[in-house]
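Structure first, then comments.
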Amino acid sequence: MTAEAKPGVPASPPLTERQEARRRRILHASAQLASRGGFDAVQMREVAEAAGVALGTLYRYFPSKIHLLVATMQDQLQHMHTTLRKRPPAGDSAAERVAETLMRAFRALQREPQLADAMVRALTFADRSVSPEVDTVSRQTTVIILDAMGLENPTPEQLSAVRVIEHTWHSALITWLSGRASIAQVKIDIETVCRLIDLTTPSAPSRSAAPGRTR
């Protein structure tokens, strides 16, 4: 699934190899600081120092701490997606594969609770100025789910189910981080919402239907 440029908004020029390397250092520094001290530990000056860039340069890449942490979440999801593709889920149905995929992603975040909390808080605090970055996180999550489903051309109903699954996964992450849900409860919620996939999968004609009879 590819991102489409918004009408009237010129596409940003691609980063040079040097710029991309600088951006990666910034995201790595952000993740390291968040892993050690959570949301409050990610200060722009400290990120710039850890990444070896000037503070003004950091702000040109990421206008605020929220922009930076949302971009960090997108980067983390991209790494997860690469790992998931190397070892795809083994469930028989699309619902089982998606549930397994999301729980594996959840457990990866569970191993870095401070980082997970910082990224989720940034998503929660994000206003309209961060919409492009938030949309990128959403698209990355969508691609991960569609990959697990084995779909390239989902129907509108299937995309709607994917959005509900995304919302539930995000909500489950928040409730777990706040101590209001156990891992077992999260697993039940994820498995339950993934059943929507079966409800939105186009069904084959019933074998028991009589020839020429409308269903």
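The values are calculated or read from the model by the stated rules, or taken from the named source; none is laboratory data. Here the structure is a predicted model, which means the values were calculated and not measured. In this analysis, Cβ positions are derived from the backbone assuming ideal geometry, glycine residues included, and neighbour counts consider all displayed protein chains. Just so you know, the surface numbers come from the protein's heavy atoms only, side chains and all, with ligands and any DNA or RNA stripped out. Shrake-Rupley method; radii C 1.70, N 1.55, O 1.52, S 1.80 Å.
A few notes on this one:
Here is a yes/no grid of residues against (1) assigned to a helix (DSSP H, G or I); (2) open to solvent by less than 60 Å² (accessible area, probe 1.4 Å); (3) at pLDDT below 95; (4) closer than 20 Å to VAL120 by Cβ:
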| position | (1), (2), (3), (4) |
| --- | --- |
| LEU151 | no, yes, yes, no |
| VAL162 | yes, yes, no, yes |
| THR168 | yes, yes, no, yes |
| LEU173 | yes, yes, yes, yes |
| GLY179 | no, no, yes, yes |
| GLU191 | yes, no, no, no |
| ILE197 | yes, yes, yes, no |
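- Any chance PRO113 is of a type outside the set (S, T, N, Q) and touching an Asp or Glu at 6+ places or on another chain (Cβ under 6 Å): no
- Residue identified as farther than 20 Å from ARG24 by Cα and not in a helix (DSSP H, G or I) among PRO89, PRO63: PRO89
- Scanning segment 128-149 for residues that are open to solvent by 20 Å² or more (accessible area, probe 1.4 Å), closer than 23 Å to GLY91 by Cβ and within 12 Å of the chain's Cα centre (by Cα) returns GLN140, VAL143.
Yes/no per residue for (1) within 18 Å of ASP75 (Cα to Cα); (2) at pLDDT below 95; (3) more than 25 Å from the chain's Cα centre (by Cα); (4) aliphatic (A, V, I, L, M):
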| residue | (1), (2), (3), (4) |
| --- | --- |
| PRO14 | yes, yes, no, no |
| ARG24 | yes, no, no, no |
| ALA31 | yes, no, no, yes |
| SER35 | yes, no, no, no |
| PHE39 | yes, no, no, no |
| GLU46 | no, no, yes, no |
| ALA51 | yes, no, no, yes |
| PHE62 | yes, no, no, no |
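- Residues located in segment 92-127, provided they are part of a helix (DSSP H, G or I) and either over 25 Å from SER178 (Cα atoms) or of a type in the set (Ser, Thr, Tyr) (or both): ALA94, ALA95, GLU96, ARG97, THR101, THR124
- Among the numbered conditions (1) modelled with pLDDT under 90; (2) β-branched (Val, Ile, Thr); (3) in a helix (DSSP H, G or I), the only one that THR2 does not meet is (3).
- Contact map, segment 37-66: first residue under 19 Å from VAL130 (Cβ atoms), second residue among the acidic types (Asp, Glu) and open to solvent by 60 Å² or more (accessible area, probe 1.4 Å), Cβ cut-off under 9 Å, separation 6 or more or different chains; pairs are ILE66/ASP127.
- If only residues of segment 26-56 that are open to solvent by less than 30 Å² (accessible area, probe 1.4 Å) and outside any helix (DSSP H, G or I) are counted, the one that is nearest to LEU69 (Cα to Cα) is VAL42.
- Of all residues in segment 60-94, those that are open to solvent by 10 Å² or more (accessible area, probe 1.4 Å) and closer than 30 Å to THR201 by Cβ total 19.
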